[in-house]
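Peer 1: Pasting a structure below so you can have a look.
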Amino acid sequence: MADNLLTIAENETDRLIRLINDLLDLAKIEARKLPLHQNWHPFTELVNTSIASLQGLAQQASVKLECDPLPPMEAYMDPDRVQQVITNLLSNAIKFSPKDQTVHLHCEVTDKNALLVTVRDHGRGIAPEDQEAIFQKFRQATNSRNPLVKGTGLGLAIAKALVEQHGGEIGLRSVVGEGSSFYFTLPEWRYNQQRASAPGSETSKAA
Ligand code: ADP
């Protein structure tokens, strides 16, 4: 019984800490005082770490988390903030997936030579009239059928501001009843130095 109460108290404390951090982030973004610590950082490791850190949540929800293999790449970014964006998209996808479904992360290079990250789920999807609103703060989709799904409606507003501060774009494609694909881009990326300088390798974007 005591164990149970402690677990509840711990979960609630974590939830409040997340809420406070989100509110602080948003206040700083609105005051244009959220500094980014941007530099060239390994991108592939960051994706793998983000996936690994959410495996527990995926297991709890009986959702499979998959990622296509990525070549070693770097991006000009604030790694903590980009991880925050990936974590938000993945945790939403897990949260809104039915049991035994798969959440899939895929990275590719667009024809405008930006790095495109897509998180696809097979959840309930988002109605066209909600698709713009969910990127605004405190906004949630109106068709929430699961009262157990808790949230603040801040994650996507913060993710949008962070991606745009990196010079990228964020958006989604979704069909109600079929699922959603959230994506964002990072304009500054390159293959890892060793790979770029290896004979016959592709040239880096930054080179
Ligand atoms: P939160 O998840 O805390 O409510 P977000 O800003 O991350 O806040 O998301 C806002 C809303 O967008 C969610 O409440 C939900 O209605 C909708 N949403 C986000 N991601 C998904 C998804 N993958 N599938 C269905 N709905 C989603």
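Peer 1: Could you point to the residue in 89, 186, 17 farthest towards the positive end of the chain's charge dipole, with +1 and -1 charges on the Cβ of Lys/Arg and Asp/Glu respectively?
Peer 2: Looking along the dipole axis, the top candidate is 17.
Peer 1: At a Förster radius of 45 Å, what calculated FRET efficiency corresponds to the Cβ-Cβ distance of residue 2 and residue 48, to the nearest 0.05?
Peer 2: Approximately 0.75, to the nearest 0.05.
Peer 1: At a threshold of 8 angstrom on Cα-Cα distance, excluding pairs fewer than six apart, so keeping six or more, what relative contact order does the range 1-156 reach in percent?
Peer 2: 19
Peer 1: Any idea what angle helix 79-95 forms with the longest principal axis of the chain, computed on alpha-carbon atoms, 0 to 90 degrees, nearest 10?
Peer 2: Its long axis makes an angle of about 50 degrees.
Peer 1: If each residue of separation counts as 0.36 nm, what is the full-extension length gain between residue 28 and residue 59 once their alpha-carbon separation is subtracted?
Peer 2: Stretched out fully, the residue 28 to residue 59 stretch lengthens by 7.8 nm.
Peer 1: Continuing with this model, one more query. Pull up all non-local amide H partners of residue 189: gap of 5 or more, or a different chain, and H-to-H distance under 5 Å with H placed in the peptide plane.
Peer 2: Counting only residues 5 or more places away or on other chains, the set is 76.
Peer 1: Turning to a different aspect of this structure: So how many Lys-Lys pairs in the chain land under 29 Å Cα to Cα, not counting same-chain pairs under 8 apart?
Peer 2: Count of close lysine pairs: 24.
Each value in this text was obtained by applying a stated rule to the coordinates, not by laboratory testing. Not measured: the values here are computed from a predicted model. Note that each Cβ is placed from the backbone with ideal geometry, even for glycine, and that neighbours are counted across all protein chains shown.
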